[in-house]
């Protein structure tokens, strides 16, 4: 009997990757995941935002970065302003407040397209895993490790796994589109 769990793990990884991509997409709501990848110039090198301060979301349309070193407040503000996210940070002592501007219709449609591209990339990943699994099963049948009937049965299981994961991706995309288009 051939073990299909490594292929299921690979498909699950594609979905986990999609979720993290979606977390970084800016919607009308504030999310700490939006600021985490921003690099801040600190101590002569670039560091991720979450290594120079605590990122929090006190309100639905507000994020704040509680900077640990007072000398880095200006660097944090500059990094957020120059990140290309259309954010306008406000310094308040050692805290940098980041209000989330409302999205216009055009920007929302762009974000929906980006979400669609991310979802399609994940679908392709899942299909590639299916192809790998089927190739392995054909080889195992050819080498005499499994019978032709076992191969056909396992291929059906792989297809069922693929269908489940594609369906999950479609559900995630639908939810993200609804979240983006919500005014």
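The values are calculated or read from the model by the stated rules, or taken from the named source; none is laboratory data. Every value quoted in this text rests on a predicted model; they were computed, and no experiment measured them. Neighbour counts are summed over all protein chains in view; Cβ atoms, including those assigned to glycine, are modelled from backbone coordinates with ideal geometry.
Kindly indicate which of 33, 16 is farther than 29 Å from residue 157 by Cα, free of Cβ contacts under 8 Å to residues at least 24 places away in the same chain and in a helix (DSSP H, G or I).
33
May I ask you to verify whether residue 144 is closer than 20 Å to residue 3 by Cβ, free of Cβ contacts under 8 Å to residues at least 60 places away in the same chain and not in a helix (DSSP H, G or I)?
yes
Considering segment 86-103 alone, what residues qualify as being more than 22 Å from the chain's Cα centre (by Cα) and in a loop (DSSP other than H, G, I, E, B)?
88, 89, 93, 94
One residue is enough: does segment 97-113 have a residue meeting the conditions surrounded by 13 or more Cβ atoms within 10 Å (Cβ to Cβ), touching a helix residue (DSSP H, G or I) at 6+ places or on another chain (Cβ under 7 Å) and farther than 23 Å from residue 19 by Cα?
Yes, because at least one residue in segment 97-113 is surrounded by 13 or more Cβ atoms within 10 Å (Cβ to Cβ), touching a helix residue (DSSP H, G or I) at 6+ places or on another chain (Cβ under 7 Å) and farther than 23 Å from residue 19 by Cα.
Does segment 53-63 contain at least one residue that is outside any strand (DSSP E or B), more than 17 Å from the chain's Cα centre (by Cα) and either surrounded by fewer than 17 Cβ atoms within 10 Å (Cβ to Cβ) or not assigned by TED's automatic domain parsing to the domain that holds residue 147 (or both)?
yes
Search segment 147-159 for residues that are loosely packed, with under 15 Cβ neighbours inside 10 Å and pair each with any residue that is at pLDDT 95 or above and part of a helix (DSSP H, G or I) when their beta-carbon atoms are under 8 Å apart and the residues are at least 6 apart or on different chains.
159/130
So, of the residues in segment 87-105 that are in contact (Cβ under 8 Å) with a residue 60 or more places away in the chain and out of contact with any strand residue (DSSP E or B) (no Cβ under 8 Å at 6 or more places or on another chain), which turns out to be nearest to residue 178 (Cα to Cα)?
Of everything passing the filter in segment 87-105, 103 is nearest to residue 178 (Cα to Cα).
Within segment 126-141, track down each residue that is surrounded by fewer than 19 Cβ atoms within 10 Å (Cβ to Cβ), in contact (Cβ under 8 Å) with a residue 12 or more places away in the chain and closer than 30 Å to residue 112 by Cα.
Passing the criteria: only 127.
Those residues that are surrounded by 17 or more Cβ atoms within 10 Å (Cβ to Cβ) and in a loop (DSSP other than H, G, I, E, B), I need them from segment 36-52; list them, please.
38, 52
Return the residue satisfying two criteria in turn: it lies in segment 64-85 and is farther than 13 Å from residue 30 by Cα and assigned to a loop (DSSP other than H, G, I, E, B), and of such residues it is farthest from the chain's Cα centre (by Cα).
By that ranking, first place goes to 69.
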